[in-house]
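Asker: Structure incoming, see below.
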Amino acid sequence: GRVWMFDCGEGTQHQLLKCKDVSVGKIDKVFITHLHGDHCYGLPGMLCSMGLLWSAPGIAPNATFAVKKRDGKGSSAPASDDDNDEHGAADENFIFDHFSKTSEFLEIYGPTNTAVYLREVLRSSETRFGFRYRVNELSISSEKRSDDDASPRIVSEPEQQEKNTAQFISCEAPTRRFVSTHINDTYYFPPSIVDPHGGISMSAAWLDHPVPSLGYVLVEPTTAGTLDMAKASALGVPKGPMLSKLKKGEAVSFPLPDGSTKTVDATEVVGPAIEGRKLTMLGDTSNSKRIAEIAKSSDWVVHESTFDDNCDKLAVPRGHSTARMAGAFAASILAKKLIITHFSARFPPEEKDPLPIAQLRAQAVEGFEMKALNAAVGTPSEASATSALEPVSSKCRANDVFTAQDFLSVDLSRAAAKK
């Protein structure tokens, strides 16, 4: 299966070497929430590892990019310490193969300056790959509109790249910049942009943090309901292509022994459509109200919980949340499950002392079991003041909250969300 990575802090690739469920070579999209080091310093190193493991998928390339050597002459580019590197031969133009069978580039999403950050690190270290990556930057426009259209405007820069190739590195495709003009600074990316082969759509919005920090919302496509074979058979529908048409929502007609024609509508034998799962991944935040609308009714929310109740006065001034704030936010958007993460270093790892993290989880559960009267969580005092909260459904149970840890694997299936 495909792997999408959210943030890549220092040491990520070393942990991936120990992970049985995820391989560096399977990653085909990276989403950076913000450019603080603990969320992005591992990205250049991970790309280097990907470059060493990568092999061409065998799709004919359609992009040519001239690579300039120090003497100004052309060269094919992927740099390597291996003198036998198959890409080391000089050539006027290096033709890049597709990154994978489904994507021309390794796609990287992030806030403004993600491209510059990655470009300068790779250029300074003279690093190149046999594939190209493309950075998709999200930025804000001063032009605002209040309608429901959150589709961002695409601002690409191929002309600038052609005019000033010295500014770019060989394995970097032209950056795509997505400018939000929506009144709430939200973005909507249809599957045609973010996942043309899988049908997943993505939305994004800004969070409150000292540097621009994003939250991402992923939604699977709605799928057809279950075909009731017993009903179809009882209505006389013959086996074969007609069953497929019914599954697609189409009506079918077929002849009866008496010469008449019978029509069966899909609604007679197909159950209701199955909504796709919804996953919300938040970067560092002290207030997540701007993403609340597009994150509503998420099956899963991943929310930072840097501090506990004892340090709640430190949270907002430093651009972070308490575990209780994370739980209250999850409740306010009617989320089904919550994963808290990004714990302060003051809390020891669970394997050394499980009590502090268990206390964080308990506070998140308490927040999750209460619903803020106002839609958004403001300050820590508001999030923890029981007088401003009211109980919600008893469905909010302790097993709805998870604490993130290395190699944690959770079942995101619909069945698991209902448990």
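The values are calculated or read from the model by the stated rules, or taken from the named source; none is laboratory data. This structure is a prediction, so every number in the text was calculated from the model and none was measured. No Cβ is skipped: glycine too gets one built from the backbone with ideal geometry, and neighbour counts run over all protein chains shown. Accessible surface is based on the protein model in full, side chains and every heavy atom, while ligands, DNA and RNA are left aside. Shrake-Rupley method; radii C 1.70, N 1.55, O 1.52, S 1.80 Å.
Asker: Give the residues of segment 310-346 that are outside any helix (DSSP H, G or I), of a type outside the set (A, V, I, L, M), out of contact with any Leu (no Cβ under 7 Å at 6 or more places or on another chain) and closer than 21 Å to H39 by Cβ, sorted by residue number.
Answerer: Listed by number, the residues that qualify are G319, H320, S321, T322, T341, H342, S344, R346.
Asker: Still on this structure: How many of the residues making up segment 333-351 are of a type in the set (S, T, Y) and open to solvent by less than 30 Å² (accessible area, probe 1.4 Å)?
Answerer: Selection size over segment 333-351: 1.
Okay, residues lined up against (1) of a type in the set (V, I, T); (2) more than 30 Å from F105 (Cα to Cα); (3) part of a loop (DSSP other than H, G, I, E, B):
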position: H197; (1), (2), (3): no, no, yes
position: A230; (1), (2), (3): no, yes, no
position: T263; (1), (2), (3): yes, yes, no
position: P272; (1), (2), (3): no, yes, yes
position: G276; (1), (2), (3): no, no, yes
position: L279; (1), (2), (3): no, no, no
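Asker: What about S305, is it touching a Leu at 6+ places or on another chain (Cβ under 7 Å) and open to solvent by 40 Å² or more (accessible area, probe 1.4 Å)?
Answerer: Considered against the rule, which asks whether it is touching a Leu at 6+ places or on another chain (Cβ under 7 Å) and open to solvent by 40 Å² or more (accessible area, probe 1.4 Å), S305 comes out as no.
Asker: Only one residue in N84, N62, N113, N93 is modelled with pLDDT of 90 or more and open to solvent by 40 Å² or more (accessible area, probe 1.4 Å). Which one?
Answerer: Values: N84 fails: modelled with pLDDT of 90 or more; N62 fails: modelled with pLDDT of 90 or more; N93 fails: modelled with pLDDT of 90 or more.
That would be N113, the only listed residue that is modelled with pLDDT of 90 or more and open to solvent by 40 Å² or more (accessible area, probe 1.4 Å).
Asker: Another question, if that's okay. Residues of segment 299-309 being outside any helix (DSSP H, G or I) and touching a helix residue (DSSP H, G or I) at 6+ places or on another chain (Cβ under 9 Å), which ones? Give the steps one after another, and end with the answer.
Answerer: The first filter runs over segment 299-309 and keeps only residues outside any helix (DSSP H, G or I), leaving 299-308.
If the condition is that a residue be outside any helix (DSSP H, G or I) and touching a helix residue (DSSP H, G or I) at 6+ places or on another chain (Cβ under 9 Å), then D299, W300, V301, H303, E304, S305, T306, F307, D308 are the ones that fit.
Here's the yes/no breakdown for (1) in a strand (DSSP E or B); (2) more than 16 Å from the chain's Cα centre (by Cα); (3) closer than 19 Å to S409 by Cβ:
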residue	(1), (2), (3)
L17	no, yes, yes
V22	no, no, yes
V30	yes, no, no
T33	no, no, no
H39	no, no, no
M46	no, yes, no
L52	no, yes, no
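Asker: Right, here's the next one. Out of K73, K68, which single residue is surrounded by 13 or more Cβ atoms within 10 Å (Cβ to Cβ) and modelled with pLDDT under 50?
Answerer: Residue meeting the stated conditions: K68.
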